[in-house]
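Read the structure below first, then the notes.
The values are calculated or read from the model by the stated rules, or taken from the named source; none is laboratory data. Every value quoted in this text rests on a predicted model; they were computed, and no experiment measured them. Glycine gets a Cβ as well: all are built from the backbone with ideal geometry, and neighbour counts include every protein chain shown. Please note that ligands, DNA and RNA were not included when accessible areas were found on the heavy atoms of the full protein model with its side chains. Shrake-Rupley method; radii C 1.70, N 1.55, O 1.52, S 1.80 Å.
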Amino acid sequence: VRPHVGDDVAAVADLIAAVERSVLGVVHVQRADIASLWSTDTFTPELDGIAVLDAGRMVAAAQLYGQKADVHVHPDATGRGLGRDLRAWTEARARARGERYVGQTVPDANRAAVRLLTESGYVRTYSSWILRVDHRDRPPEPRLPEGVHIRAFPPGDELPAYRVIEDAFAEWPGRRPNTFDSWRALTIGREDFAPDQFLIAEHRGLVVGAALLLVDGEIWVDKLAVIRNLRNRGIA
């Protein structure tokens, strides 16, 4: 067992991919996802991450991003108590950081992880879904309100886009806001960032909406927000 080092990004992504493939039958994680999280100002690899190695191969790992823990055990290494021990490590690290609570996001299909957490006193707090639409034909062009147009992200829109997204997600009770530096790492600072995949809605010269897309064989809408006083008009 050792603390994470910066070079662990690829190994952690491979580990998570193995777990997703085993549990879900599909891989969602990308290396850029891990690299961006590790570039935020809430994560220091050697303090907030730990790796379990077996014959030099990473078979389990844990990271703590503020109040959110990620624990993964390779399918070949389950049943050895590694998930239990890493859960305890994330709690101890959260306590040392002065966090009031720690949580994990796990898919319902990972019954072993759900059972481990519930038996350890964790309670279900939020539920989320992956929603998908297949387009056999090109979708119709959006019908925008008068005076609103959509364009690709240009340099100089960093702060307005950050403000639109953070203000919208701040409406989620209990959510800890991202600093601008962390937001940058998770969006325009991603190693796979492309300006034409960050859509900006503009109204009278002001940024009023934003959508960050991640493209990896399919398109994921990673972030989507519109300012409060222009919602329900078709911009999103």
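Structure notes:
- Here's the picture: charge each Lys and Arg Cβ at +1 and each Asp and Glu Cβ at -1 in the chain, and of V71, V9, P45 the one pushed furthest to the positive end of that dipole is V71.
- The average projected area of the range 7-93, computed from the convex hull of its Cα atoms over all directions, is 5.6 nm².
- Percent of alpha-carbon pairs separated by more than 15 Å within the range 16-57: 59
- Taking a sphere under 13 Å around the Cβ of A112 and counting the other residues whose Cβ falls inside, with K and R at +1 and D and E at -1, yields a net charge of +3.
- Annotation for T105 and E91: the two label points, set 7 Å from Cα along the Cα-Cβ direction, are 2.3 nm apart.
- Portion, in percent, of the accessible area of the range 1-153 that falls on carbon or sulfur, probe 1.4 Å: 50
- Cα gyration tensor shape for the chain, rounded if a/c is under 1.5, else prolate or oblate: prolate
- Cut-off 13 Å between beta-carbons: net charge of the residues surrounding V207, Lys and Arg +1, Asp and Glu -1: -2
- The E158 and H135 beta-carbon pair, evaluated with R₀ = 30 Å, returns a calculated FRET efficiency of approximately 0.50.
- At most 14 other Cβ within 10 Å, DSSP loop - GluC sites (Glu not before Pro), the range 140-236: E146, E171, E191, E218
- Per residue, the range 81-236 exposes 69 Å² of accessible surface when a 1.4 Å probe is rolled over the protein heavy atoms with every protein chain present.
- Cα gyration tensor shape for the range 73-129, rounded if a/c is under 1.5, else prolate or oblate: oblate
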